[in-house]
Every structure is written in structure tokens, then in C-alpha cells.
Amino acid sequence: MERTLAERLISYDTSRPEGLAQAAGFVKGWLQSRDVDANDHDHKGLPVITAEVGPAHGPSVIFHGHLDVVPGHREQFDPRVEGDRLIGRGAYDMKGALAAMMCGVVDAAAQSRVRVRFLCVPDEESEDVESHATDALIREGYGGDFAITGEPTDMQIGVQAKGVLAMRILVGGTAAHSATPWLGDNAVLKAVDVFRVIESLPFTRQSSELFDRPSINLGRIRAGDALNMVPDSCVMDVDVRYLPGQEPEEILEQVAQIADVEVTRTFVRAPAQVSRDDEFIQALGEAVRRTNAGEVMSVGRDGASDAVAFLQEGIPAVEFGPAGAGHHGPLEWVSISSLARYRRALGDFVRQLPERLDWQRDSDDSPPVRLRALGGGRA
């Protein structure tokens, strides 16, 4: 069932509004056909699907996922299978997890001790990070005691994620005729040099408990008025994923010290940090260990996600998703067998959560963990 659902979701080009509308309609209809009360909402013209099962009282858990994907080629929306790999745009980030979560909501309807709330949003990959649907719904009261967002983590539990600092950098130069470029100062070439300087600034050499260094990407560059002119200005959009403990204003100050540049912060998103000792996270860890050998708890994610929206409202949240690779790339895939294990882990977590919460209150045991980092995250 998880594979079939994932294939159907992949087939919708949800990098476009019309594809999002079609996919959201399918998600809502699929849940309703299985007696789950699903509802649609509008957020800036895009569809949001919510659903709830379980009792009105008791612990409440949110299964959070996103339908949107980064743009891909037409053939990437035709899912195909190679061995255990389901290949297609969004398979790993995160339509495979979303499919298993949909199954998990139906599974959770059979129990009566935990409230499970399903939240499917259309804009996690959006650059308009300050007004995501997740933030809006949480402000409207769509919260809970704990949230799981199905970002790709290879069946590990992400307890930290880097923050996001996007900056626009204007680099100045001097115009000249292209036949005599030595009479000008090419702003495009200067911009490339500026980016190399950014990569060597002091903040880039810092590390933290789970991360070796920040991540820096030159995402866009715009310059030039005519082919036969030396460009006198160049604009770069730079994406910095900064570490827990770093301050974005300090990073901006370091960049602003570079000669001939003007720096503007376009958006910022705080890092995600949650205690591994949280009773919900401990309960999820126990459920995951039944299907996944080895340490599953202490993972740092290089990217960001909507988990931060829950954390900022005081709701413990983690990233937890199936195994795979290649998100945002040409050969993105999710492990078919991990989809079943992922669904089973979610189900075990919900069914055994009440007992675990009671046990946790009577015990201070917290076994030592081994730390490591894992790549991935927001577009």
C-alpha cells in the first residue's frame, strides 16, 4: 500500500499549483474513503489537508508532511522501480514518507488512547519562509504535544537541524566596452571572488556537537545589461545553513566587511534543537529500534524544515523519514522496504506511547548515545 500511494503522489507535478491541487484532492479523497475525517484549507491560494483520529483527550501527536517538490523534468514525475528503489521527484523528499503517514493515520484510527493529527502542507520548499502554511496553522491552534515531520533521515531521528540565512549581495564594478574589458572592472568576476572569500570567513570554520561546519551555496547570480558591455554590477543570492549557537547577524557583519559589496538579509530561520531526553522522543526511539538496528537518536540535519515552526511554539518536534537518497537531484529515490518499516514504527509509537509516558515519569534512565550528522533539508 505505501509503495502504491507513493507512486501515485510522485505522478503529480507538485512544483506547480495545479499539480498541488490535484494531489491534495487525492490525499483528501483517499483518507475520506477510509472513514478518516479529512478537511481542506486554503493558504495563499494553495491547498492544505488536515485530518484527526483518536480520542479528544490524552496525548496528541502530529504527523506532518509536505506535498510540494522542487521543479523537475517531466520524466521525473513518472515513477519507476529498480530493485528496492522507487525513483522519482519527491520520492525521498518527501512523498514516500507522506504515503506511509497517510497509512499511519488510518492505522491510528483503530486505537483510542492517542490523538493523531495529520497536517499536509503545500509550501515547505517555498522560499517565502516567513509565511509557510505550517506556521499559520499552528498560530490558529493546530498544535499538539509532539510533532513528527517526515523529512528524509534514513530511519534516523533528527534532533538538530541547521538554521537558514539567505542573503542578497550586490557587488559593484566598472562598465566598459567588451572589446576592451581591461578598461573596466567586471562585477561578475568580482562576485565569484567575493563568494570564495565568504567560503573562508571565520564563521565557516566553526563546528558544533553534531556538525562539522556550516553549509554555503551560491544559488543565483544576475548581472549584465548587454553582451558587449563589461557588467558594472552583479547580484548574488547566497544560502547559508548556519549552526546552532551561531548568530546570523554576526555572519552578515563578516560578509559586509568585504570590499565593494552591499549585503541584505532576505530571510532567516532559526536552527532546530530538541532534547534527546524528551519523553516523546524516547518513545519514538524505542519504536524505531524495533525496525532499524543501531543508534537511531542523535542525528543532525544539514537542512531546515517546518519542524522549527513547532519548536518555536514550544511543541517538541523531530524530523523522521524513510531511507533513500538524491533528494533535489536527477535520481531521487526512496527505499520501498523502508516505507513499510517507517509505517510500522509510526504505528508502534502511537500504540505504545501511553505506557511509555507513564514509565518515563518514573525513570530517569537515559542511555548514552553516539552522535553523527546527516545531510539534507529544505530547498
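The values are calculated or read from the model by the stated rules, or taken from the named source; none is laboratory data. Everything quoted here is computed from the prediction, not taken from an experiment. Note that each Cβ is placed from the backbone with ideal geometry, even for glycine, and that neighbours are counted across all protein chains shown.
Annotation: of all residues in the range 166-217 being in contact (Cβ under 8 Å) with a residue 60 or more places away in the chain and part of a helix (DSSP H, G or I), the one that is farthest from PRO271 (Cα to Cα) is LYS190. If you go through the range 161-196 and keep only what is aliphatic (A, V, I, L, M), out of contact with any Pro (no Cβ under 8 Å at 6 or more places or on another chain) and under 30 Å from GLN273 (Cβ atoms), you end up with VAL164, ALA166, MET167, ILE169. When you check ILE138 against the structure, is it touching an Asp or Glu at 6+ places or on another chain (Cβ under 7 Å) and more than 16 Å from ARG241 (Cα to Cα), yes or no? Considered against the rule, which asks whether it is touching an Asp or Glu at 6+ places or on another chain (Cβ under 7 Å) and more than 16 Å from ARG241 (Cα to Cα), ILE138 comes out as yes.
Between ALA179, ALA147, ALA175, ALA187, the distinction of being of a type outside the set (Asp, Glu), farther than 29 Å from LEU67 by Cβ and surrounded by 21 or more Cβ atoms within 10 Å (Cβ to Cβ) belongs to ALA187 only.
Results for (1) within 27 Å of the chain's Cα centre (by Cα); (2) surrounded by fewer than 18 Cβ atoms within 10 Å (Cβ to Cβ); (3) outside the structural domain of LEU170 (by TED's automatic domain parsing), shown as yes or no for each residue.
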site: SER233; (1), (2), (3): no, no, no
site: ASP237; (1), (2), (3): yes, yes, no
site: TYR242; (1), (2), (3): yes, no, no
site: GLY245; (1), (2), (3): yes, yes, no
site: PRO248; (1), (2), (3): yes, no, no
site: ILE251; (1), (2), (3): yes, no, no
site: VAL255; (1), (2), (3): yes, no, no
site: ALA259; (1), (2), (3): no, yes, no
site: THR264; (1), (2), (3): yes, yes, no
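Of the residues making up the range 54-102, those that are within 18 Å of ASP40 (Cα to Cα) and either in a helix (DSSP H, G or I) or aromatic (Phe, Trp, Tyr) (or both) number 5. On the stretch given as the range 22-38, residues that are assigned to a loop (DSSP other than H, G, I, E, B) and touching a residue at least 60 places away in the same chain (Cβ under 8 Å) total 3. Condition first: in contact with a Gly (Cβ under 8 Å, 6 or more places away or on another chain), β-branched (Val, Ile, Thr) and either under 23 Å from ARG341 (Cα atoms) or assigned by TED's automatic domain parsing to the domain that holds ASP13 (or both). Can you find one or more residues in the range 96-115 that meet it? So far as the range 96-115 goes, yes, one or more of its residues are in contact with a Gly (Cβ under 8 Å, 6 or more places away or on another chain), β-branched (Val, Ile, Thr) and either under 23 Å from ARG341 (Cα atoms) or assigned by TED's automatic domain parsing to the domain that holds ASP13 (or both).
Exactly one residue among ASP93, ASP107 is of a type in the set (Asp, Glu) and surrounded by 24 or more Cβ atoms within 10 Å (Cβ to Cβ), and that residue is ASP93.
Residues checked against (1) of a type in the set (A, V, I, L, M); (2) at pLDDT 95 or above; (3) on the phi > 0 side of the Ramachandran plot:
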| position | (1), (2), (3) |
| --- | --- |
| ARG220 | no, no, no |
| ASN228 | no, no, no |
| VAL235 | yes, yes, no |
| ARG241 | no, no, no |
| GLY245 | no, no, yes |
| GLN257 | no, no, no |
| ASP260 | no, no, yes |
| THR264 | no, no, no |
| PHE267 | no, no, no |
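The number of residues in the range 220-240 that are within 21 Å of ARG265 (Cα to Cα) and in contact (Cβ under 8 Å) with a residue 24 or more places away in the chain comes to 10. Taking the conditions (1) in contact with a helix residue (DSSP H, G or I) (Cβ under 6 Å, 6 or more places away or on another chain); (2) not in a loop (DSSP other than H, G, I, E, B) in turn, ILE258 satisfies each one other than (2). When the range 155-165 is filtered for residues that are in a loop (DSSP other than H, G, I, E, B) and in contact with an Asp or Glu (Cβ under 9 Å, 6 or more places away or on another chain), the ones remaining, listed by number, are GLN156, LYS162.
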